[in-house]
Amino acid sequence: MPNWLKLVISLLLPQLVGGTGALFTITSIDSWYQSITKPSFNPPGWIFGPVWTTLYVLMGIACYLIWKSDHPQRKNLLTLYFIQLGLNGLWSPAFFGMKSPIFGLVVILPLLVLILRCVKKFKIISPWASGFMIPYLVWVSFAAVLNFSIWWLN
């Protein structure tokens with residue numbers, strides 16, 4: 001497969017995962033989510049779209065950098081990446097779709113561990129790929145704290 005096609009696929013897949021998750025979010029954001037107690041550090045709703053779009057682009061670039069390499073660990077690292085991407089895609093249905101902060105935690109905590117593993121393991125092939133995953137790690141860490149706080153308060 002040519003590298004340009006790998007880049008396109010790498011950039012599109014996270015956006016598709018995010019778009020699918022947004023379908024669950026949109027249906028709950030103006031109803032259930034408004035009715036629950038949120039912590040004082042809950043960001044305004046408008047910030048989530050731009051942040052996630054940016055993070056998905058960075059994740060896609062990281063995926064591409066791993067995928068285009070000839071490193072013998074490439075397949076294992078792509079598997080790790082796609083497992084964490086799958087968990088990322090499950091969070092919105094768990095939290096918003098099921099209206100369940102506890103199910104959100106069940107998804108986001110292993111997701112956080114897998115993102116951290118991606119950051120560490122991607123360095124083997126590409127320090128840039130690892131670096132592109134760090135903002136995602138930071139945001140999901142914040143999201144996990146927010147998710148936990150919402151669960152705790154409700």
Legend entry - Integer Hz, Karplus 6.51/-1.76/1.60 couplings in order for the stretch 110-126, x for Gly and Pro: x, 4, 4, 4, 5, 5, 4, 5, 4, 4, 5, 6, 4, 4, 4, 9, 8
Inset, instruction - Averaging sequence separations of C-alpha pairs under 8 Å and six or more residues apart, then dividing by the length of the stretch 16-154, give the relative contact order as a whole percent. - result: 35 percent
Inset, instruction - Tell me what the chain gives for mean residue ellipticity at 222 nm when only DSSP H runs of n ≥ 4 count, each as -39,500 (n - 2.57), the sum divided by the residue total, rounded to 500 deg cm²/dmol. - result: -27500 deg cm²/dmol
Inset, instruction - Give, rounded to the nearest 20 debye, the magnitude of the charge dipole that the stretch 3-153 has about its Cα centre when Lys and Arg contribute +1 at Cβ and Asp and Glu contribute -1 at Cβ. - result: 460 debye
Legend entry - Unit charges at the beta carbon, dipole of the stretch 3-153: most positive-side option, 76, 145, 45: 76
Inset, instruction - Sequence neighbours fewer than 8 away in the same chain don't count; with that in mind, list the lysines whose C-alpha is under 23 Å from residue 68. - result: 6, 120, 121, 123
Inset, instruction - Would you kindly derive the ³J(HN,Hα) couplings of the stretch 8-20 from the backbone phi angles with the Karplus curve 6.51 cos²θ - 1.76 cosθ + 1.60 (θ = phi - 60°), listing them in order in whole Hz, with x for Gly and Pro? - result: 4, 5, 4, 7, 6, 4, x, 5, 5, 4, x, x, 5
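Bear in mind that the values in this text are calculations on the coordinates, not laboratory data. Because the structure is predicted, anything quoted here is derived from the model rather than measured. Glycine also receives a Cβ, built like all others from the backbone with ideal geometry; neighbour counts cover every protein chain displayed.
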